[in-house]
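Below you'll find the structure, written out as structure tokens, and then a few comments.
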Amino acid sequence: MSAMAEHFRVELRSMLRHPSQLLLSYLFPLGFFLFLGAVMPRLNPNATATLVPAFSLFAILTGAILGLPTPLVELRRLGIARAFRVIGVPDRSTVGVPAAANAAHGLLAATAVTVVGVTVFQADAPRHLLAYGLVLLLAAFVFTGLGTLIGVVSNDARVSVLWSQSLFLPSMLLGGLMMPVTALPEGLRRVSSVLPTTHLMRLHDALAFERAPSSAPWVDVLALVATGALAYVIALRLHATEERSASGLRGLWALVALVPLAATMLQS
């Protein structure tokens with residue numbers, strides 16, 4: 001446990017020293033939030049209702065989906081992952097510790113968004129802080145699981161960027177962060193059920209802000225927990241494979257983790 005704690009401490013500090021990680025974990029999400037937080041309420045006064053939950057999720061999403069995969073690819077490319085295995089570091093530590101450090105930074109960024117949103121931009125504050133915090137923890141679990149899986153299935157950094165963007169952009173546009181899912185056409189509304197942000201925003205509405213739920217919260221919780229757990233299990237199994245196939249079909253494993261979310265389309 002002491003070795004794992006030291007590994008976590010090193011990962012936590014190294015993310016602050018790496019320019020791209022610092023950008024994706026803090027500078028980009030917080031800068032984007034400050035800009036839109038100052039503009040959106042003037043264009044749409046109703047934006048203050050979703051400013052805090054949407055951008056707290058955005059902070060975690062950015063750090064995990066855009067920032068986590070590439071370092072994992074580099075870990076393999078440079079032979080560090082194999083060296084860890086040779087000296088006895090378990091795969092669960094090699095995969096899990098960077099994800100835990102990333103989640104910690106994401107939660108810190110989300111906390112900053114919450115404080116600034118409520119105090120500076122007079123956005124709606126969560127009525128139940130415990131429920132709000134638990135939803136953010138669930139978001140960190142799901143996003144870091146998917147980010148880890150993307151990093152494991154990608155053969156190089158360019159592929160990891162493509163997979164990351166294929167999840168990040170739809171989450172921004174269709175997952176309830178930039179506009180309510182209810183404003184989407186019926187077809188896109190059903191497709192948005194595949195995105196974790198859609199379910200997380202529903203949970204924020206139902207549990208943290210006491211708004212009318214658009215679906216049963218327990219369904220969203222089960223789908224998100226299953227997605228995060230499945231992503232980690234698949235990532236660990238594939239990480240243990242020494243030979244990395246160059247086939248693009250390997251990346252389809254990342255889509256398997258989204259099956260629990262896709263299943264919710266049947267009840268939406």
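None of the figures in this text is laboratory data; all of them are computed from the coordinates on show. Note that the coordinates shown come from a computational prediction; the quantities given were computed from them, not determined experimentally. Here Cβ is always computed from backbone atoms with ideal geometry, including for glycine, and neighbour counts include all displayed protein chains.
Of note:
- With loop membership from DSSP and a limit of 14 other Cβ atoms within 10 Å, the longest segment of the chain without GluC sites (Glu not before Pro) is 1-209.
- Cα coordinate range in segment 71-194, projected on the principal axes (Å, largest first): 52, 34, 22
- Judged by the mean number of other Cβ atoms found within 10 Å, the most tightly packed of the peptides 90-97, 41-48, 58-65 leads the ranking 58-65, 90-97, 41-48.
- Computed log₁₀ I(q)/I(0) - Debye formula, equal Cα scatterers, no solvent, segment 1-86, q 0.11, 0.16 Å⁻¹: -0.45, -0.75
- The residue list Ser166, Leu222, Ala112 was ranked by how far each Cα lies along the charge dipole of the chain toward its positive end, using unit charges on Cβ atoms, and Ser166 comes out on top.
- With respect to the chain, whose longest principal axis is taken over its alpha-carbon atoms, helix 91-119 is tilted by about 20°.
- In a fully extended conformation the segment linking Ala183 and Glu6 would gain 59.0 nm over its present Cα-Cα distance, using 0.36 nm per residue.
- Charge dipole of the chain (Cα centre as origin; +1 on each Lys and Arg Cβ, -1 on each Asp and Glu Cβ, all else neutral): 320 debye, rounded to the nearest 20.
- Per-residue Cβ neighbour rank within 10 angstrom, fewest leading, His7, His105, His18: His18, His7, His105
- Cα-centred dipole magnitude for segment 140-268, charges only on beta-carbon of K, R (+1) and D, E (-1), debye, nearest 20: 120
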